[in-house]
Amino acid sequence: MDDQVLESLLDDILIPLFGTERDGGRSPKKRANLLLANSRCTIGLPEQVRFKINQAIQDLRSVRSRRVLLESVTHVSDAMEFKSLLSNISALGLEDTPQVKWAQARFGKFIDRFDLLDDFKFFLQDPVAGAHKMNNLFTEADHLGLSSDDIVQQAREECQRLGGLSILDARAALRSAVENVNANQITTCLIKLCSESENFSTQEIESWPEVRAAHAMQRMLEFESIASNPNQQRFVLTDNLIQLCARIEAASNDSNSQRIAEAALRHATSSELVFDQVSRAYKWRVLFCEWLYDTTFDNDRTNTFCGMCINEARQAYHTSGLIGPISSIKTASHSSSFLESPEQERLYSRSRPNTPSKSEYAAGFS
C-alpha cells in the first residue's frame with residue numbers, strides 16, 4: 001500500500017470517528033494520534049470499524065518506523081553506527097532500499113572487518129569452541145587484507161601452540177560427546193584425540209578440561225553400570241532432554257514452575273528409572289563440563305536441579321582435588337566391544353595414566 005494512502009487513513013478513518021468537536025481541549029487530529037499511541041481506545045466501537053482502525057494503526061506505525069529508520073541510515077556517520085541499525089533494517093525488510101544500499105556500499109567492508117575480528121577474538125577466548133571456523137576465517141582475513149593484524153597473528157600463534165586445528169577439532173568432538181554423556185563416543189573421541197596428540201605429554205593432555213571431564217564422566221558411568229542391570233541399555237542425553245532439564249534449572253526460584261518443568265521431563269522419559277538416569281546425567285554434565293560455566297564462581301546464582309545446588313556442587317568439585325587427572329579407574333569402556341585393536345588399547349591407556357590395559361583389566365577381574 002502506498003505511503004500517502006496510508007497517511008490518508010488517519011484523516012479518512014480515524015479523525016471522522018471523533019467528529020469535528022473538540023474534546024477536553026483536544027482537536028480530532030490530536031485524539032486520532034492518541035489512538036495511534038494506544039490502540040485499546042478502539043474498545044467499544046463496532047467490530048468492523050475496530051478491525052479497520054487496528055489494521056490502519058499497524059500499517060501507519062510500520063510506515064513511520066520505516067521512515068524514521070531510513071532517515072537514521074541517511075545520516076549515519078560511521079560503520080559502527082550503521083551496524084547498530086542492521087538488525088532493525090533486516091526486521092523491516094529494508095535491505096534493498098536506496099538508503100541502505102548507499103550505506104552498505106560505504107560501510108559494508110568495514111563491518112565485514114569488524115565481524116571477522118570479533119570471530120578471531122572469540123577463538124582466542126575459547127579456541128576449542130571456535131576451531132571449526134578457523135580455516136575459513138584465515139582465508140577471509142587474507143581476502144580482506146587483515147593477515148598482519150595483531151589479533152589474526154595471535155590466533156595463528158595460539159593455534160600452533162595448541163597443536164593445530166586437527167587437535168582442536170578432536171577436543172571439540174570430545175566436548176560434544178561428554179556434554180551428551182555418550183559413553184561409546186567418549187571412548188572413540190579419546191582414542192582419536194590421543195592419536196592426534198603424540199607431541200604432547202600425558203600431563204599436558206590431562207590438563208585439557210574436556211579430557212578431565214571425559215575421565216570424570218567415565219567414572220560415573222562405571223558406577224552407574226555397577227549399580228544397575230549389566231544388560232541395561234546405556235542412554236545418551238539428547239538435545240531435547242537437555243532443554244527439558246535446563247528448564248528445571250532455570251525455574252530454580254519458582255517452585256511451581258520447577259514442578260511443571262519436572263513433570264514435562266517425567267513425561268518425556270519412559271519410566272522412573274530413566275528419569276533418574278537422565279537426572280544424574282544432567283548433573284554430571286553441569287558439573288564436569290567446565291567450559292559451560294564460569295569457573296571463577298563470581299556470581300550469586302542459587303540454581304538447583306533435582307535436589308542439587310549447582311553452584312555449590314561446582315565449587316566443591318573444583319576445590320576437592322577431583323578435577324585433576326583421574327587414574328586407576330577401571331571403566332566399562334575397556335571392554336572388547338570398544339577397543340578392537342592393540343593400537344587403540346595403547347592410545348586409550350596413554351590417555352588414562354596408571355589405568356590397567358585391557359589384558360590387565362581382564363586378568364585382575366577374572
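FYI, it's all coordinate maths here, none of it is from the lab. Predicted, not measured: the structure shown is a model, and the values here were computed from it. All Cβ positions, even for glycine, are placed from backbone atoms using ideal geometry, and neighbour counts span all protein chains on display.
Numbers for the structure displayed
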| quantity | calculated |
| --- | --- |
| Dipole axis of the range 130-214 (+1 Lys, Arg; -1 Asp, Glu on Cβ), positive-most option in THR187, ALA131, ALA170 | THR187 |
| Inter-site label distance for THR302 and LYS109 at 7 Å from Cα along Cβ, in nm | 5.6 |
| Net length gained if the chain between TRP291 and GLU71 were fully extended (0.36 nm per residue, minus Cα distance) | 74.8 nm |
| For the range 145-289: rounded, prolate or oblate by the Cα gyration tensor [a/c cutoff 1.5] | oblate |
| Chain lengthening between SER255 and ASP126 when straightened (0.36 nm per residue, less Cα-Cα) | 42.9 nm |
| For VAL76, residues with placed amide H under 5 Å, excluding near neighbours | none |
| The range 131-221 - Rg over Rh from alpha carbon coordinates, Kirkwood radius | 1.07 |
| FRET efficiency, GLU140 to ASP239 (Cβ-Cβ, R0 35 Å, nearest 0.05) | 0.75 |
